[in-house]
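Chemist: Mind looking over this structure? Questions follow.
Coordinate-derived values only; no laboratory data. Keep in mind that what you see is a predicted model, and the values were worked out from it rather than measured. Cβ placement follows ideal geometry from the backbone for every residue including glycine, while neighbour counts extend to all protein chains displayed.
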Amino acid sequence: MEQDKLIISNKRFNSRLIVGTGKYRNMRECAKAIKLSGADIVTVAVRRVNITDKKKPLLMDFIDPKKITYLPNTAGCFNSEEALRTLRLAREIGGWKLVKLEVLGDKKNLFPEMIETLKSTEILTKEGFKVMVYCNDDPLMAKRLENVGAAAIMPLAAPIGSGLGIQNKVNIQIIRNQTRLPLIIDAGLGQASDATIAMELGCDGILVNTAIAKAKKPFEMAKAFKNAVIAGRQSFLSGRIEKKLMGSASSPNKGII
């Protein structure tokens, strides 16, 4: 396990858990939860989180970008133009090239708008960005994203913030089997066991925000997700037993008294 690292765009990370910085009661709570989670990467909504106005609390004052990788995202963008402008701004502000692309289709369900997402991914990749892409769990669309240069595929487990857990294990497994890119479950997880399931399906990591930030005890939930990701990854690497319809005795048949 010491050698088993998450690799995204040739950069190695110790933790396979990515944590969002939104929805916490304050930045101090956010920073403590992230520390307890052990995450090496945090997502930052460029349009919502203060990273420039020094008259107000800055995220950098609580989470050191020299110690934790900031992953700017385009939360709140509903077309390609908005998303492109947001990430170009992020590059100007902090020099960030590893980014998370999120183009939403509507304000009610918050599903990804895949046509705009695909177009944006291709443009950003040509501009030198390393694009981790929030997408639906469609294997065909996931392959298209890979073909236009995505750095990571990030299908939803369920609608953002729903807490429903993974709703389509079959599609996630198909995507896993067809791609060499990092596969990271993004959106819809509700509890630590959801993270374990994702890792046991062979996913490379998970991204979680609401499930920690809105838990009754966010610090305890942060630790639970940390442990769940580690356990799920260990389980996957261990190689589960074959599923059978009939029972099989644990003890040997020979030498019975």
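Chemist: Could you list which residues have their amide H under 5 Å from that of A45, counting only those 5 or more apart in sequence or on another chain, with H placed in the peptide plane?
Modeler: Counting only residues 5 or more places away or on other chains, the set is T21, N73.
Chemist: Give the long-range amide H neighbours of G190: residues separated by 5 or more places, or on another chain, with amide H under 5 Å away, using H modelled in the peptide plane at 1.01 Å from N.
Modeler: Long-range HN contacts for G190: G165.
Chemist: Can I ask one more? Checking the a/c ratio against 1.5 first, then a/b against b/c, what shape does the Cα gyration tensor give for the stretch 166-221? Intermediate values should be presented prior to the final figure.
Modeler: Values: a/c = 2.77, a/b = 2.35, b/c = 1.18.
Because a/c hits 1.5 or more and a/b exceeds b/c, the stretch 166-221 counts as prolate.
Chemist: Hey, another quick one. State whether the stretch 1-103 is rounded, prolate or oblate according to the following rule on the C-alpha gyration tensor (a ≥ b ≥ c being the square roots of its eigenvalues): a/c under 1.5 gives rounded; otherwise a/b larger than b/c gives prolate, and the remaining case gives oblate. Could you put the intermediate results ahead of the total?
Modeler: Numbers: a/c = 1.84, a/b = 1.20, b/c = 1.53.
Oblate shape, in that a/c is at least 1.5 and b/c is the bigger or equal ratio.
Chemist: If you don't mind, another one. When you count, for each residue, the other Cβ atoms within 10 Å and take the mean per peptide, how do 122-129, 60-67, 18-25 rank with the highest first?
Modeler: Descending mean neighbour count gives 18-25, 122-129, 60-67.
Chemist: Follow-up. Around V170, with a cut-off of 14 angstrom between Cβ atoms, what is the net charge of the other residues, counting Lys and Arg +1 and Asp and Glu -1? Numbers along the way, then the final one.
Modeler: Details: positive: K169, R176; negative: D137, D138.
My count for the surroundings of V170 gives 0.
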